[in-house]
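Shown next, in structure tokens, is the structure this report addresses.
The values are calculated or read from the model by the stated rules, or taken from the named source; none is laboratory data. Bear in mind that the values here come from a model prediction, so they are computed numbers and not experimental data. Cβ sites come from the backbone with ideal geometry, for glycine too, and all protein chains shown count toward neighbours. When the accessible area is computed, the model is the full protein with side chains, heavy atoms only, and any ligands, DNA or RNA have been set aside. Shrake-Rupley method; radii C 1.70, N 1.55, O 1.52, S 1.80 Å.
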Amino acid sequence: MTRSNVPIVANRWLLRRVARPVVTLVGVVVAGIAGFVAIGGVSLVDAAFWLLDPSSIELYYQSASGPVDRVKTFAIVVRVALVSALIWTGETALTAAFGGQIQEELRRVKNQRERASVSEHTIICGYGMFGRTVAERSRERGRAVVVIEHEPAQYERVLDADLLGVEGDARREGILRDAGIERADTLVAAIDDSNVNIQIALLATQLAPDLTVVVRVGDETYESVARHAGADDVIIPEVAGGERVSERW
């Protein structure tokens, strides 16, 4: 789905949500006008005016005869139905339009509050296959995890997985501090870009010299560079995978 189509889909979804209360509101208005015409014997204009201003009924029957008690009773019923329909329509529209935003804001505040209190945790930079695997295994072992992810779609997956996260570039000092790097125990540079991971390692070791830094690189040519950047451990997924397979034989 392209971004240009998202507002169209959202508007259709909103219309579907408010359709029932709006139809009910229109139905109350039509029924009210028709009822006043039938019971009071007045014109459509007068009936519509009674619907908007029930106090005009008393003024009307000061100079005209008719079933005033029946009209007043009907006016009370219609008024209650009209107010209820208006409240239903308003609440539905507000919930449909802003409910998702409110939930998203609450989730963001909860995420930020819990991040501020976590310590001795593992910071994982990147939520691709490698980073996601590290995050899942760390959580299974009872370790707290904070994931830094730059791509919005991937960051949403972090939150959907009920993980603490920071959206942004892990090469920025502010982002690492938001992830609590001063309180962290380990940082894993798990992005699928060796150069970016090495840059993250350089900055991380400057901000938290005692931090254990694990760097993922694409091949062995980057290993010495990563260690000079401060990496305590360097992971080459292809090599690690090959060694694991060979251990089975």
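Computed quantities for the displayed model
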item: All positions within the range 28-57 that are free of Cβ contacts under 8 Å to residues at least 12 places away in the same chain, assigned to a helix (DSSP H, G or I) and surrounded by fewer than 16 Cβ atoms within 10 Å (Cβ to Cβ); result: 30, 38, 44, 45, 52, 56
item: Whichever residue in the range 185-202 is surrounded by fewer than 24 Cβ atoms within 10 Å (Cβ to Cβ) and touching a residue at least 40 places away in the same chain (Cβ under 8 Å) and, among such residues, is farthest from residue 128 (Cα to Cα); result: 185
item: Identity of the residue in the range 231-249, under 21 Å from residue 148 (Cβ atoms) and surrounded by fewer than 18 Cβ atoms within 10 Å (Cβ to Cβ), that ends up modelled with the lowest pLDDT; result: 237
item: Residue among 164, 159 that alone is over 15 Å from residue 209 (Cα atoms) and in contact with an Asp or Glu (Cβ under 6 Å, 6 or more places away or on another chain); result: 164
item: Criterion (touching a Gly at 6+ places or on another chain (Cβ under 6 Å) and either buried (at least 17 other Cβ atoms within 10 Å of the Cβ) or under 22 Å from residue 228 (Cβ atoms) (or both)) met by exactly one of 205, 212; result: 205
item: Residue among 93, 161, 153 that alone is small (Gly, Ala, Ser) and free of Cβ contacts under 8 Å to residues at least 24 places away in the same chain; result: 153
item: Breaking point among (1) touching a residue at least 60 places away in the same chain (Cβ under 8 Å); (2) closer than 26 Å to residue 104 by Cα; (3) surrounded by 21 or more Cβ atoms within 10 Å (Cβ to Cβ), for residue 178; result: (3)
item: Residue match in the range 142-149 (condition: in the same structural domain as residue 212 (by the TED database), outside any helix (DSSP H, G or I), modelled with pLDDT of 95 or more and touching a Phe, Trp or Tyr at 6+ places or on another chain (Cβ under 7 Å)); result: yes
item: Unique match (being in a helix (DSSP H, G or I), open to solvent by 90 Å² or more (accessible area, probe 1.4 Å), of a type outside the set (A, V, I, L, M) and within 30 Å of residue 158 (Cβ to Cβ)) among 113, 70, 107, 79; result: 113
item: Residue that is least open to solvent (accessible area, probe 1.4 Å) [pool: residues in the range 129-172 that are of a type in the set (D, E, K, R) and within 19 Å of residue 194 (Cα to Cα)]; result: 149
